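Student: Please find one structure pasted underneath; my questions will follow.
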Amino acid sequence: MGFAGLAVGAAMAGLKPICEFMTFNFSMQAIDQVINSAAKSHYMSAGSVKVPIVFRGPNGAAAGVAAQHSQCFAAWYGHCPGLKVVSPYSSEDCRGLLKAAIRDPNPVVVLENELMYGLSFPVSDEALSEDFIVEIGKAKIEREGKHITLVSHSRTVGFCLEAAEQLAAEGVSCEVINLRSIRPIDSDCIEKSIMKTNHLVTVEGGWPMFGVGAEICAQIMEGQAFDYLDAPAVRVTGADVPMPYAKVLEDGALPQVKDIVLSVRKTLHIHNDATQRV
Amino acid sequence: MDSATSRKLGCAKGKGGSMHMYNYNFYGGNGIVGAQVPLGAGIAFANQYKNNGSVAMALYGDGAANQGQLFESFNMAKLWNLPCIFVCENNRYGMGTAVHRASASVDYYTRGDYVPGIRVDGMDILAVREAVKFSKKYVLENGPINLEFVTYRYHGHSMSDPGTSYRTRDEVKEVRQSLDPITTFRDKLLQVDMVSKDDIKAIDAQAKQHVEEETAKALASTEPDFKQLANDIYITDKPLSFRSCNAFEKLPHEANI
């Protein structure tokens, strides 16, 4: 609470602070400063108070850190007007989104992932250049496909890609969308994809109720892509339980590739043990 | 042992983990730094309310000592004369940050301001015992007290902390050799002939054996049943079910009253 508020105050007075939470679980104590001081001030002051701050840190589950250290805050922060919220997957995402967040005059929450910090990704020279940014609010199609759209953010994008590989061997072509931004969310990209594939599965690490997937499904219902759905959209999420400690339980609380594959097969009416397709 | 290794016979049945162990009169560790202090004040509040002659102890570290909620707890405890013993375990490092880099005042026993405090040599077993004995009587008659135990941490703070990037190995070695609470106490006992070297050998062997047995038991024990995943989320007189990771399977929650 104290240092988060101090950072917001410094931003209001003209600096460009980056406030790091050791994990976003600890931001729950400081959340009043993020929402009431940072997110709402520009609005409340009709534009005279600016808060060019970045809040960053690991979000969501790590490994074996139990209930108080494993919560995903994408839905919590994504809920609030005045904030921008990004959730990088690849190295390119991390670099580009963080730089975009810093350059953005609005308060931005950058949800990183502890388990991904050590992973390497190939990066283009362009991505290493000084002014490389990833536009906030624009998703990336990580893999093109034609039978079903998988929409995800952060670590679970990797699971979607794995599931897509697995399903490709059965003749199912999945389009994998990496959201990159939670707020604003790239609904155009999702809609365009659904209008092509006619099927949707959302995938996230956070809890199901009132989550990122729930929001996507609601937006699809209200928008033009609804008429293109050939089956109800379904969500793959973390289980609706506090994170248990024991590995055998933790594995059941977090979405796996098999949950994505199951959801794709159910949505496309494919039997588990055959490549039959309706 | 069972809890740390996430076995089902552990005090939290494998669900809580190393940071969250519970027992009779022990309300657990808290992973969110400082959050346990208002909880401790709350337990003291309940004891006072029930007039049961019990006290509460709320322990926190030097890192947590700068948390705002501690000062709110001190205020309420002093205002209402709560029988609460606040204990700062000052092991000189908040994870990896040395105390003088984090705190404007490192006299943690004074940080309660209007709550009186005592600094105690946390490496001296007898001093710790006497301080707690004194405090238990004191808070029942006078309201809160703030103890500071000056101590040391040999290993890193957690699995994420190697423990050597912010201090020298020599420092750790020195403390272990000259200030270790167990070895210094042992030497004191030997010095005044309260025990013999053979007695010490026997105690050491017994302790080692106990730890080895418990470890073996824990490792041989089984991990929790998968059906425990969604149990104990609520107190409920009828079974519930909760969403799993996909839309097609539900997780059962047993009734528990």
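Student: May I ask you to verify whether A:Ala67 is touching a residue at least 60 places away in the same chain (Cβ under 8 Å), within 28 Å of B:Ala12 (Cβ to Cβ), buried (at least 17 other Cβ atoms within 10 Å of the Cβ) and not acidic (Asp, Glu)? Show your work before the answer.
Tutor: On the way: touching a residue at least 60 places away in the same chain (Cβ under 8 Å): yes; within 28 Å of B:Ala12 (Cβ to Cβ): yes; buried (at least 17 other Cβ atoms within 10 Å of the Cβ): yes; not acidic (Asp, Glu): yes.
Answer is yes for this residue.
Student: Mind listing just one residue for me: the one in segment A:94-120 that is in a helix (DSSP H, G or I) and either within 14 Å of chain B (Cβ to nearest Cβ) or more than 20 Å from A:Met22 (Cα to Cα) (or both) and, of those, farthest from the chain's Cα centre (by Cα)?
Tutor: Top of the filtered list is A:Arg103.
Student: Still on this structure, please answer the following. Checking the structure you have, find out if any residue of segment B:210-220 is assigned to a helix (DSSP H, G or I), exposed (fewer than 12 other Cβ atoms within 10 Å of the Cβ) and within 14 Å of another protein chain (Cβ to nearest Cβ).
Tutor: Our first condition is that a residue be assigned to a helix (DSSP H, G or I); within segment B:210-220, this holds for B:210-220.
Going one step further and asking which of them are exposed (fewer than 12 other Cβ atoms within 10 Å of the Cβ), we end up with B:210-213, B:216, B:219-220.
In the following step, the residues that additionally are within 14 Å of another protein chain (Cβ to nearest Cβ) were identified as B:219.
Taking every residue of segment B:210-220 in turn, at least one turns out to be assigned to a helix (DSSP H, G or I), exposed (fewer than 12 other Cβ atoms within 10 Å of the Cβ) and within 14 Å of another protein chain (Cβ to nearest Cβ).
Student: Of all the residues that make up segment B:74-96, how many are among the small types (Gly, Ala, Ser) and under 18 Å from the mean Cα position of the chain (by Cα)? So that I can check it myself, show each step before the final result.
Tutor: If we filter segment B:74-96 for residues that are among the small types (Gly, Ala, Ser), which is where we start, we get B:77, B:94, B:96.
From what's left, under 18 Å from the mean Cα position of the chain (by Cα): B:94.
Selection size over segment B:74-96: 1.
Student: Let me ask something else about it. What helices (runs of 4 or more DSSP H) completely inside segment A:174-257 contain at least 2 residues that are within 12 Å of chain B (Cβ to nearest Cβ) and touching a residue at least 12 places away in the same chain (Cβ under 8 Å)?
Tutor: Values: elements: A:187-197, A:212-222, A:247-253.
Where helices (runs of 4 or more DSSP H) fall fully within segment A:174-257 and carry at least 2 residues being within 12 Å of chain B (Cβ to nearest Cβ) and touching a residue at least 12 places away in the same chain (Cβ under 8 Å), they are A:212-222, A:247-253.
Student: If you scan segment B:223-248, which residues turn out to be under 21 Å from B:Gly14 (Cβ atoms), assigned to a loop (DSSP other than H, G, I, E, B) and within 10 Å of chain A (Cβ to nearest Cβ)?
Tutor: B:Glu223, B:Pro224, B:Asp225, B:Leu229, B:Ala230, B:Asn231, B:Asp232, B:Ile233, B:Ser244, B:Cys245
Student: Across segment B:3-33, what is the number of residues that are surrounded by fewer than 21 Cβ atoms within 10 Å (Cβ to Cβ) and either on the phi > 0 side of the Ramachandran plot or touching a Cys at 6+ places or on another chain (Cβ under 8 Å) (or both)? Outline the logic, then answer.
Tutor: At the first step, the residues of segment B:3-33 found to be surrounded by fewer than 21 Cβ atoms within 10 Å (Cβ to Cβ) are B:4-5, B:7-9, B:11, B:18-30, B:32-33.
The next check asks that each one be either on the phi > 0 side of the Ramachandran plot or touching a Cys at 6+ places or on another chain (Cβ under 8 Å) (or both); those that pass are B:21-23, B:25, B:28.
Of the residues in segment B:3-33, 5 are surrounded by fewer than 21 Cβ atoms within 10 Å (Cβ to Cβ) and either on the phi > 0 side of the Ramachandran plot or touching a Cys at 6+ places or on another chain (Cβ under 8 Å) (or both).
Student: Quick check: is even one residue across segment B:39-60 touching a residue at least 60 places away in the same chain (Cβ under 8 Å), surrounded by fewer than 20 Cβ atoms within 10 Å (Cβ to Cβ) and more than 17 Å from the chain's Cα centre (by Cα)?
Tutor: Within segment B:39-60, one or more residues are touching a residue at least 60 places away in the same chain (Cβ under 8 Å), surrounded by fewer than 20 Cβ atoms within 10 Å (Cβ to Cβ) and more than 17 Å from the chain's Cα centre (by Cα).
Student: Turning to a different aspect of this structure: When you scan segment A:30-49, do you find a residue that is touching a helix residue (DSSP H, G or I) at 6+ places or on another chain (Cβ under 8 Å) and of a type in the set (Lys, Arg), even just one?
Tutor: Looking for residues that are touching a helix residue (DSSP H, G or I) at 6+ places or on another chain (Cβ under 8 Å) and of a type in the set (Lys, Arg), one finds none in segment A:30-49, hence no.
Student: Out of everything in segment B:2-20 that is within 10 Å of chain A (Cβ to nearest Cβ) and hydrophobic (A, V, I, L, M, F, W, C), what residue ends up being nearest to the chain's Cα centre (by Cα)?
Tutor: At the first step, the residues of segment B:2-20 found to be within 10 Å of chain A (Cβ to nearest Cβ) are B:3-8, B:10, B:12-20.
Filter once more, keeping what is hydrophobic (A, V, I, L, M, F, W, C): B:4, B:12, B:19.
Details: B:Ala4: 14, B:Ala12: 16, B:Met19: 9 Å.
The qualifying residue nearest to the chain's Cα centre (by Cα) is B:Met19.
Student: Same structure again: Quick check: is even one residue across segment B:151-164 under 26 Å from B:Ala41 (Cα atoms), among the polar types (S, T, N, Q), in a helix (DSSP H, G or I) and under 22 Å from the mean Cα position of the chain (by Cα)?
Tutor: no
Student: Let me ask something else about it. Tell me which residues, restricted to segment A:135-159, are crowded, with 24+ Cβ neighbours inside 10 Å and more than 13 Å from the chain's Cα centre (by Cα).
Tutor: Across segment A:135-159, the qualifying residues are A:Ile148, A:Thr149.
Values in this text are rule-based calculations from the coordinates and carry no lab data. What you are looking at is a predicted structure, and each value in this text was computed from that prediction instead of being measured. Reconstructed Cβ throughout: ideal geometry from the backbone, glycine too, with neighbour counts over all protein chains shown.
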